[in-house]
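Shown next, in structure tokens, is the structure this report addresses.
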Amino acid sequence: MSPLADRVALVTGASRGIGLAIAEALREAGSRVVRIARSLHDGHDQHFTDFGCDITDEVTVRGTVERLIGEVGVPDILVNNAGTFLLKPFAEMSKQELEEQLAVNLVGPFIPFPGTPPTARANAACERSTRSCRKSWRGQGSVRR
């Protein structure tokens, strides 16, 4: 049995690309996967529970997290995958475009789970996952401690 079996996994930015691939891998490992993305619609099927949510909107995120906890439970696994990028030289970027990227890429990951009960368990799982990755990369020349 997989150590991820029967775990609740929350993946942000999971409607396509890397986020969807991570969500599918977690599902295949036996996790109950919750996907959050602004392009998703609320609902569930045999594979995923989905919440349409823009992670830059703090009020909406907090409401979505409350619903998630009520419907699925507190996540054991958190994958902050939501992100955006603009294919444009930095010198040509407007202040608004920069602020939008910072909101999604830097501020957004801190909104869903700020470390307060009952979501502290998800933060602890995230920290354990980070430490585990660090340990697995040691000796491979890519990460130094």
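The values are calculated or read from the model by the stated rules, or taken from the named source; none is laboratory data. Since this is a predicted model, take the numbers as computed values, not measurements. Methodologically, a virtual Cβ is constructed for each residue, glycine included, from the backbone with ideal geometry; neighbour enumeration extends over all protein chains shown.
Observations, loosely collected:
- Within the range 50-88, the set of residues being aromatic (Phe, Trp, Tyr) and either buried (at least 16 other Cβ atoms within 10 Å of the Cβ) or within 25 Å of Ala29 (Cα to Cα) (or both) comprises Phe51 only.
- Only residues that are free of Cβ contacts under 8 Å to residues at least 12 places away in the same chain and assigned to a strand (DSSP E or B) were counted in the range 7-18, giving 0.
- Some residue of the range 33-43 being touching a residue at least 40 places away in the same chain (Cβ under 8 Å), assigned to a loop (DSSP other than H, G, I, E, B) and within 13 Å of the chain's Cα centre (by Cα): no
- Residue match in the range 79-89 (condition: more than 11 Å from Thr12 (Cα to Cα), of a type in the set (Ser, Thr, Tyr) and touching a strand residue (DSSP E or B) at 6+ places or on another chain (Cβ under 9 Å)): no
- Selection status of Gly63, in a helix (DSSP H, G or I), over 12 Å from the mean Cα position of the chain (by Cα) and without any contact (Cβ under 8 Å) to a residue 40 or more places away in the chain: yes
- Residues of the range 1-18 that are farther than 15 Å from Asp76 by Cα, small (Gly, Ala, Ser) and surrounded by 12 or more Cβ atoms within 10 Å (Cβ to Cβ): Gly13, Ala14, Ser15.
- The residue of the range 82-99 that is nearest to Thr60 (Cα to Cα), among those that are at pLDDT below 90 and in contact with a Leu (Cβ under 9 Å, 6 or more places away or on another chain), is Leu86.
- Leu78 falls short on exactly one of the conditions (1) farther than 14 Å from Gly19 by Cα; (2) not in a helix (DSSP H, G or I), and that condition is (1).
- Any hit, the range 19-32, residues being surrounded by fewer than 18 Cβ atoms within 10 Å (Cβ to Cβ), of a type in the set (A, V, I, L, M, F, W, C) and not in a helix (DSSP H, G or I): yes
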